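Read the figures in this text as sums done on the coordinates, not as results from a lab. If you're wondering where the values come from, they're calculated on a predicted model, not measured in any experiment. Using ideal geometry, Cβ is built from the backbone for each residue, glycine included, and neighbour counts are taken over all protein chains shown.
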Amino acid sequence: MTLPQTGHDGPYPAPVEVSKSSVLYEWIDYNGHMNVGYYGLAFDQALDVLLSDHLGIGVEYVRIAGQGPYVLQSHQHYLKDQRLGDRYTIRFRLIDCDAKRLHIFGEMLSDPSGEVCATQELMLMNVDHQTGRSAAYPGWAVQRLAQMKADHSGLARPSQLGAGLGIRRRG
């Protein structure tokens, strides 16, 4: 049994705030705002903090267990431009989970206003690196996921959660 090297057993903040940063020069595109790809990078870096510092299933777990979370699906919403030097905070909530999968929702908030400027919805699966197939997390990780899900169960449903993609036409 792989024992946790990082993270904690909860309770977990609802939502979990994991990152405070600012928009870098390299992230600005020809429209003068943060390029779409860097929103994904900012969320991904913050997700690593959530997985390691809170759940213990991040990089340290991967090195020890030879398995770890793969993103199966990602859906982002861009709600407000971020420009050079703008400060932001990223926070996450666990929507659902089972022994192998996590459904996570993240929000990027403009600092200091707290306005949501982007969201990201993710489906992750634990994958064994030797077989390339899904694998159940060890019991301690499943317990942490269940605790976080319970701690986040009282949060209001974000309007972007589960949103479809398509051109909306009026009658």
Note, the stretch 115-129: 3J(HN,Hα) by Karplus (6.51, -1.76, 1.60, θ = phi - 60°), whole Hz, Gly/Pro = x, goes 5, 6, 9, 7, 10, 9, 10, 10, 10, 10, 9, 6, 10, 6, 5
The answer for the net charge of residues other than residue 22 whose Cβ lies under 11 angstrom from its Cβ, with Lys and Arg +1 and Asp and Glu -1, is +1
Listed by chain and number, the residues whose amide H is under 5 Å from that of residue 33, excluding neighbours fewer than 5 places away on the same chain and using placed H, are none
Once the in-chain neighbours fewer than 8 apart are removed, the lysines whose Cα is under 16 Å from residue 149 read 100
The ³J(HN,Hα) series, computed from each phi in the stretch 156-171 with the Karplus coefficients 6.51, -1.76 and 1.60 at θ = phi - 60°, rounded to the nearest Hz and given as x for glycine or proline, is 5, 5, x, 5, 7, 4, x, 5, x, 10, x, 7, 8, 10, 8, x
With the dipole of the chain defined by +1 on each Lys or Arg Cβ and -1 on each Asp or Glu Cβ, the option from 85, 119, 67 whose Cα lies farthest towards the positive pole is 119
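Where does the charge balance sit around residue 150 when Lys and Arg score +1, Asp and Glu -1, over other residues with C-beta under 13 Å from its C-beta?
Numbers: positive: 93, 144, 149; negative: 9, 96, 151.
Residues near residue 150 contribute 0 overall.
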So, with points 7 Å from each Cα along the Cβ direction, the residue 49-residue 113 label distance in nm works out to 2.2 nm
Total charge of the residues flanking residue 41 in space, meaning their Cβ is under 14 Å from its Cβ, with Lys and Arg +1 and Asp and Glu -1, is -4
If N is the residue count of the chain, its Cα Rg over 2.2 N^0.38 Å rounds to 1.08
Calc'd 3J(HN,Hα), the stretch 17-23, phi into Karplus 6.51 cos²θ - 1.76 cosθ + 1.60 (θ = phi - 60°), Hz, glycine/Pro = x, comes to 8, 10, 8, 10, 7, 9, 6
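Which GluC sites (Glu not before Pro) in the stretch 102-171 sit in a loop by DSSP (not H, G, I, E or B) and have at most 16 other Cβ atoms within 10 Å of their own Cβ?
Working: sites: 107, 115, 121; in loops: 115.
Listed in order of number, the matching sites are 115.
Return a whole-number percent for the relative contact order of the chain, with Cα pairs under 8 Å and 6 or more residues apart as the contact set.
Numbers: 325 pairs, mean separation 46.3, N = 171.
Taking the mean separation of contacting Cα pairs over the length of the chain, I get 27 percent.
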Rounded to whole angstrom, the alpha-carbon centroid of the stretch 78-92 lies from that of the stretch 1-66 at a distance of 15 Å
